[in-house]
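Here is the structure we will look at.
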Amino acid sequence: DAGVTQSPTHLIKTRGQQVTLRCSPISGHKSVSWYQQVLGQGPQFIFQYYEKEERGRGNFPDRFSARQFPNYSSELNVNALLLGDSALYLCASSSGIGYGYTFGSGTRLTVV
Amino acid sequence: EDQVTQSPEALRLQEGESSSLNCSYTVSGLRGLFWYRQDPGKGPEFLFTLYSAGEEKEKERLKATLTKKESFLHITAPKPEDSATYLCAVQGGRAAGNKLTFGGGTRVLVKP
């Protein structure tokens, strides 16, 4: 079975640009969460979606947005990129709220 | 707000030298405490979920235990392939949402 897949694996963007990151959950999983991991720190929660509805939002500015599609895949959008947005962006899927989370390998975003 | 503190930040072990990692937490209504292993540039890999004080789980050379205030990850007779960052996370009560709150991790290096 395929695990959680994220694309692209690496991305370099310029300050002020916009970026879209994509995630496909494990087959049968209806919940997708997004996390930001800055180098040397633990992951920080950004969003959770379940059955296409937002079920949680972390302490991130409105420049960050996300959505979940009918096939349960998800996109994370970040507008007006700042140097501080450089991080590993992780997607995690779960079969439901409160169940275990499986993470993808992440998208490494570098803002220059 | 849920908080997780991991110690030590880094640990250097000789092959075969057993040790323990600490995860201290404050949470309103623990729904689960998770341990993950993360290799450089990769997403976290699930190890264990603990739900209640007194619970223990084992996998190969790793054993996780849980009390009401902290969790320990014991590494018995480690091998170089156990070198990684170990992350602890909690999922709090429903009022806190469905997010995982992570600690900063413990970087473990096992030398042959």
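The values are calculated or read from the model by the stated rules, or taken from the named source; none is laboratory data. Just so we're clear, the structure is a prediction, and the values are computed from it rather than from any experiment. Cβ coordinates were reconstructed from backbone atoms using ideal geometry, including for glycine residues, and neighbour counts include every protein chain displayed. Protein only, heavy atoms only, side chains kept; ligands, DNA and RNA dropped before computing areas. Shrake-Rupley method; radii C 1.70, N 1.55, O 1.52, S 1.80 Å.
A few points about this structure:
- Consider the stretch A:24-73 and keep the residues that are within 23 Å of B:GLN38 (Cα to Cα), assigned to a strand (DSSP E or B) and among the polar types (S, T, N, Q). The one that is most open to solvent (accessible area, probe 1.4 Å) is A:GLN44.
- When residues in the stretch B:63-75 are screened for being surrounded by 14 or more Cβ atoms within 10 Å (Cβ to Cβ) and in contact (Cβ under 8 Å) with a residue 24 or more places away in the chain, 8 of them pass.
Quick grid of which residues meet (1) open to solvent by 20 Å² or more (accessible area, probe 1.4 Å); (2) over 20 Å from A:SER93 (Cβ atoms); (3) under 10 Å from the mean Cα position of the chain (by Cα):
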site: B:GLY32; (1), (2), (3): no, no, no
site: B:TRP35; (1), (2), (3): no, no, yes
site: B:PHE48; (1), (2), (3): no, no, yes
site: B:LYS57; (1), (2), (3): yes, yes, no
site: B:VAL108; (1), (2), (3): no, yes, no
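Conditions tested, residue by residue: (1) within 11 Å of chain B (Cβ to nearest Cβ); (2) farther than 22 Å from B:GLU45 by Cα.
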position	(1), (2)
A:LEU21	no, no
A:LYS30	no, no
A:PHE45	yes, no
A:TYR49	yes, no
A:PHE60	no, yes
A:ASN79	no, yes
A:ASP85	no, yes
A:LEU90	yes, no
A:GLY106	yes, no
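The rows are residues; the columns are (1) modelled with pLDDT of 95 or more; (2) charged (D, E, K, R); (3) part of a loop (DSSP other than H, G, I, E, B).
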{"residue": "B:GLU17", "(1), (2), (3)": "yes, yes, yes"}
{"residue": "B:ASN22", "(1), (2), (3)": "yes, no, no"}
{"residue": "B:SER28", "(1), (2), (3)": "no, no, yes"}
{"residue": "B:GLY41", "(1), (2), (3)": "no, no, yes"}
{"residue": "B:LYS57", "(1), (2), (3)": "yes, yes, no"}
{"residue": "B:LYS63", "(1), (2), (3)": "yes, yes, no"}
{"residue": "B:GLU81", "(1), (2), (3)": "yes, yes, no"}
{"residue": "B:GLY104", "(1), (2), (3)": "yes, no, yes"}
